[in-house]
Amino acid sequence: MKAEITLVSRDQLDNILLTLREAVEEGDHEVIIRKATKQRTLTQNGALHRYCELMAIKMNDAGVTQRELVGSFKNGFELPVSKHMIKSIFREVGKAMYEKQSTSDLETKEISEVHRVVDQRFSEVTGVGCEWPSRFGQ
């Protein structure tokens, strides 16, 4: 049996120790202890969505199409770059770099690193880049 226990406060420590003791005595539990990491913040989430939107606008204004950005698309028809397409690329790079299925699983440092890699590649491929939006400059 596999169970996940989260320790948020010192008050929970006695309960967790009791649960661990029971798991060891029963012998059929897997106990995994890992350090909690910070997930991306709501501010970063808003900035990610704003970045995707701004990048899509800038690429469309520059005449960039999806074909140019990601190669051939079904039967070669052209579509404008969209916020959702930019986010999909962002998500795929996050998966490749950190094996996380969703941008919401990225930690605060990871989302910044994914942006750096994605934006650098966009700049190389299309000549269009976009800084990470600040909450004041959105």
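Computed from the coordinates by the stated procedures, all read-outs in this text should not be read as laboratory data. Predicted model only: the values in this text are computed from it and were never measured. Using ideal geometry, Cβ is built from the backbone for each residue, glycine included, and neighbour counts are taken over all protein chains shown.
Among the listed pairs LYS35/LYS100; LYS38/LYS58; LYS35/LYS87; LYS58/LYS83; LYS58/LYS109, which have their C-alpha atoms separated by more than 22 angstrom in this model? Present the calculation step by step, with values, prior to reporting the outcome.
Numbers: LYS35/LYS100 17 Å; LYS38/LYS58 31 Å; LYS35/LYS87 28 Å; LYS58/LYS83 11 Å; LYS58/LYS109 25 Å.
Beyond 22 Å between Cα atoms: LYS38/LYS58; LYS35/LYS87; LYS58/LYS109.
Based on the mean of other Cβ atoms within 10 Å per residue, sort peptides 16-22, 83-89 so the most packed one is first.
Details: 16-22: 11.7, 83-89: 16.6.
Taking the mean over residues of other Cβ atoms within 10 Å, the ranking is 83-89, 16-22.
What Rg and what Dmax come out for the range 42-131 when only alpha-carbon atoms are used, in angstroms?
12.8, 39
7 Å from Cα along Cα→Cβ at both ARG10 and ARG67: what's the point-to-point distance in nm?
Reported label-point gap for ARG10 and ARG67 is 6.5 nm.
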